[in-house]
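Reading through the structure tokens given below for one structure.
The values are calculated or read from the model by the stated rules, or taken from the named source; none is laboratory data. Please read all numbers here as calculations on a predicted model, not as lab measurements. Cβ placement follows ideal geometry from the backbone for every residue including glycine, while neighbour counts extend to all protein chains displayed.
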Amino acid sequence: MHIPHHFKNENLQEVRDFLVKNSFGILINTINGKLWGSHIPLELDQDATGNDVLYGHISKANPQWKSFQEEKDVLAIFSGTHSYISASWYNHENVSTWNYIAVHVYGRIQPIGEEELLASLKKLTDKYEENMENPMRVEDLSPKTLRMIRGVVGFKIIISDIQAAYKLSQNRHDEDYHHIVKKLEETKDPASIGIAENMKKKRKK
């Protein structure tokens with residue numbers, strides 16, 4: 001991924017936190033020489049050997065899984081909030097742009113067995129059920145329902161590289177920077193306000 005110097009985030013812990021909070025990504029690889037992408041949850045974790053990995057699963061009806069046996073290189077893309085930045089918000093003539101957070105994770109994909117898949121599904125479920133009024137647990141599912149696991153293929157991605165772009169107007173001087181934050185907050189748009197919050201956090205560092 002092309003990342004101008006101003007916008008490259010090399011704070012690995014900050015990027016890890018982002019991946020945990022924004023775990024719905026796009027898994028991309030090739031099938032018979034053609035690019036293929038699936039929108040799926042990909043959860044950051046560590047495997048038994050302490051390697052950073054992404055755990056996921058897809059339906060057996062999705063032909064993408066058939067290439068996993070070859071342990072191919074794959075790309076997982078994660079996006080955070082984003083917002084249009086109007087050139088009218090600067091104190092000088094310029095062009096409009098877009099602020100955003102995006103992370104690309106590269107690695108080699110490996111299928112996992114049913115036991116490891118079940119453990120990953122339990123973690124996924126516990127994470128998103130935590131604040132539910134009546135949280136469901138994988139342990140409470142009947143054997144009949146658990147048999148549905150046979151309809152999915154579990155996998156892990158052994159991470160080889162992480163590239164993170166945090167384009168948050170870091171290259172702007174203070175007057176423009178704070179005016180952009182103000183204008184974003186005035187939009188009342190949740191995504192724009194999210195970018196404003198990330199801008200304020202980044203400027204403090």
Practice problem: Give the residue that is surrounded by the fewest Cβ atoms within 10 Å (Cβ to Cβ), with candidates limited to residues of segment 155-188 that are basic (Lys, Arg) and either in a strand (DSSP E or B) or more than 25 Å from the chain's Cα centre (by Cα) (or both). | Solution: 182
Quiz item: Condition test on residue 82, is it surrounded by fewer than 17 Cβ atoms within 10 Å (Cβ to Cβ) and assigned to a loop (DSSP other than H, G, I, E, B)?
Solution: no
Quiz item: Hey, among 89, 98, which residue is surrounded by 15 or more Cβ atoms within 10 Å (Cβ to Cβ) and in contact (Cβ under 8 Å) with a residue 40 or more places away in the chain?
Solution: 89
Quiz item: Filtering segment 110-154 down to residues that are surrounded by 14 or more Cβ atoms within 10 Å (Cβ to Cβ) and part of a loop (DSSP other than H, G, I, E, B), which residue is farthest from the chain's Cα centre (by Cα)?
Solution: 141
Exercise. Consider only pairs whose beta carbons are under 7 Å apart and that are at least six residues apart or on different chains; among these, list those whose first residue lies in segment 141-153 and is within 25 Å of residue 27 (Cβ to Cβ) and whose second residue is of a type in the set (Ser, Thr, Tyr) and modelled with pLDDT of 85 or more.
Key: 151/59; 152/59
Quiz prompt | Inter-residue pairs, beta-carbon under 6 Å, first in contact (Cβ under 8 Å) with a residue 24 or more places away in the chain and in segment 120-136, second surrounded by 14 or more Cβ atoms within 10 Å (Cβ to Cβ) and in a loop (DSSP other than H, G, I, E, B), 6+ apart | solution = none
Exercise. Identify, from the list 112, 85, the residue that is within 24 Å of residue 184 (Cα to Cα) and out of contact with any Leu (no Cβ under 6 Å at 6 or more places or on another chain).
Key: 85
